[in-house]
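Read-outs throughout are calculated quantities, based only on the coordinates presented, and are distinct from any laboratory measurement. Not measured: the values here are computed from a predicted model. Ideal geometry is used to build each Cβ from the backbone, glycine not excepted, and the neighbour counts take in all protein chains shown.
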Protein chains: 2
Amino acid sequence: MTGALTILPVHGLPEVRPGDVLADLIALAADLADGDVVVVTQKIVSKAEGRLVPVDPALGARAHRPVVERESVRVLRRRGDLVVSETAHGFVCANAGVDLSNVGPGQAVLLPVDADRSARRIRDGLRGRAGVHVGVVVSDTFGRPWRRGLTDVAIGTAGVAAVVDLRGTTDTWGRPLDVTEVCVADELAGAAELVMGKATGVPVAIVRGVDPAWLRESSVRAEIVRPPAEDLFR
Amino acid sequence: MTGALTILPVHGLPEVRPGDVLADLIALAADLADGDVVVVTQKIVSKAEGRLVPVDPALGARAHRPVVERESVRVLRRRGDLVVSETAHGFVCANAGVDLSNVGPGQAVLLPVDADRSARRIRDGLRGRAGVHVGVVVSDTFGRPWRRGLTDVAIGTAGVAAVVDLRGTTDTWGRPLDVTEVCVADELAGAAELVMGKATGVPVAIVRGVDPAWLRESSVRAEIVRPPAEDLFR
């Protein structure tokens, strides 16, 4: 059918270790085509980049608290064990994106230093290794105010639009659209999450069939992170 | 490939008018299968339900302001022409969900009175009309703090989970997951938006291949809307 999308989980990736080249692992496990968007979860990006820090396992679920404080440039809210803070990247999320799950005991995982750069590295690696021109989204799981449940969003992009600007287009009545900017990178990340699950060991998915107009240089940092001056909730 | 999802735009729906039975229109236009999730944009749900109110077209982009005030139970922020407010449903969104685009001049569209009920009506209608057991998500386009760009989210569900609770499951190291609740309904709505575009006249999409465990009774109101008492940002 015209305009269909397919979302394919990538099975068979090995456990990722610091120093691994993700593009090589993905190229081996996935059958990629030009125009695909490859969504890669932050967890394996951070692991490959060695963004692991030791924590005291005796502290249990609170083991990463000192790391959270260090990774936060501003704390927005605290309640019990939950800290909602802004990171150096400008992301606002729980625990500054520091995570204890899916890593070995005594370790916590930090966000990549620059996930746009991580995405570019994977994109370029796949071009070199598999000869394909793809977009890449690095995704992470964030909460949000007002709505329960977490969704996967983009923290880095390469070769696929972060935000698509519909400014200047018109609705079906020919009037200017008041809805102008769609965050397709977040929608791609969320769509990929639907085939990944949380504990099934599928950290990569392929979205096939995206609008070719979206395949362009991009940056989550420049396009999605809202500057505090234009933010009504900071 | 195991666990793939397909997202299919539904082409050929007529312009929806008050009184139209959406299940009948969708059944005619789409080739549905048991287990599909049908995502329907709020705009045509509201139109079919007659949720249109007259506005003064001479006021231009501000024509819906009096309606926005009426539909808001609490205003969280104002800046220029933008109002971020809470609706009677508990949604926090721009302009209380009142919209001027894609309707005739001199009209504004309100949110459905109860979009979970709207979703149930479409789900039941499709069962009767097409003999298929499907899930239904009613979607709308919302902004959010801290991140630029809009994404489609669920405002009503029937027959498909709103939030999937992963509490009690473990990560690949056997430790309890700290990420517990995934808002699959919002991810389904966003995925569907990727094939709809904003001005292409595709207000319905089918998500095929979702985890059968997600096909259950559900409610956005009960599962996604965060009660003010547990909300750090209200």
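Brief remarks follow.
- Max-minus-min Cα coordinates of the protein assembly as shown on each principal axis give 61, 43, 41 Å, with the largest extent listed first.
- With the charge dipole of chain A set up from +1 on Lys and Arg Cβ and -1 on Asp and Glu Cβ about the Cα centre, the Cα lying farthest toward the positive end among the listed residues A:Gly35, A:Thr151, A:Leu166 is that of A:Thr151.
- Each residue of the stretch B:107-116 was assigned a 3J(HN,Hα) from its phi angle through the Karplus curve 6.51 cos²θ - 1.76 cosθ + 1.60 (θ = phi - 60°); the sequence is 9, 10, 10, 9, 5, x, 4, 8, 6, 5 Hz, with glycine and proline shown as x.
- Reduced Cα scattering model of the stretch A:52-111, Debye log10 I(q)/I(0), q = 0.25 Å⁻¹: -0.99
- Residues B:Leu166, B:Leu100, ranked from the fewest to the most other C-beta atoms within 10 Å, line up as B:Leu166, B:Leu100.
- Karplus-derived 3J(HN,Hα), 6.51/-1.76/1.60, for each residue of the stretch B:24-37, Hz, glycine and proline x: 5, 5, 5, 4, 6, 8, 10, 9, 8, 10, 3, x, 5, 10
- Basic side chains Lys and Arg get +1 at the Cβ, acidic Asp and Glu get -1 at the Cβ, and with that the dipole of the protein assembly as shown about its Cα centre reaches some 980 debye.
- A cut-off of 5 Å between modelled amide H atoms, ignoring neighbours fewer than 5 places along the same chain, links A:Ala108 with A:Val53, A:Val55.
- Cβ charges +1 (Lys, Arg) and -1 (Asp, Glu), total dipole of the stretch A:52-111, debye: 220 debye
- Gaussian network model of chain B, Cα within-10 Å springs - most flexible of B:Ala154, B:Ala189, B:Ala88: B:Ala88
- Ratio Rg/Rh, restricted to chain A and using Cα atoms, in which Rh is the Kirkwood radius: 0.98
- Between the amide H of A:Phe233 and those of B:Trp146, distances stay under 5 Å, these residues lying 5 or more places away or on another chain, with hydrogens modeled in the peptide plane.
- Dipole size of chain A about its Cα centre, with +1 on Lys/Arg Cβ and -1 on Asp/Glu Cβ: approximately 640 debye, rounded to the nearest 20.
- Per-selection Rg to Rh, the stretch B:1-96 - Cα, Kirkwood hydrodynamic radius: 1.09
- Backbone amide hydrogens, once placed in the peptide plane, bring A:Val225 within less than 5 Å of B:Arg148, excluding anything fewer than 5 places away on its chain.
- Residues considered: B:Thr141, B:Thr87, B:Thr180. Largest GNM mean-square fluctuation over chain B, using C-alpha springs under 10 Å, is found at B:Thr180.
- Helical contribution to [θ] at 222 nm, DSSP H n ≥ 4, -39,500 (n - 2.57), averaged over chain A, rounded to 500: -6500 deg cm²/dmol
- Chain A: antiparallel DSSP beta bridges as a percent of all, rounded to 5: 85 percent
- Distance from the Cα centroid of the stretch B:201-216 to that of the stretch A:46-80 is 37 Å (rounded to whole angstrom).
- Going by neighbour counts of Cβ atoms within 10 Å, the residues B:Asp34, B:Asp140 line up, fewest first, as B:Asp34, B:Asp140.
- Each residue in A:Ser218, A:Ser118, A:Ser139 was given a count of other beta-carbon atoms within 10 angstrom of its own, and listing them fewest first yields A:Ser118, A:Ser218, A:Ser139.
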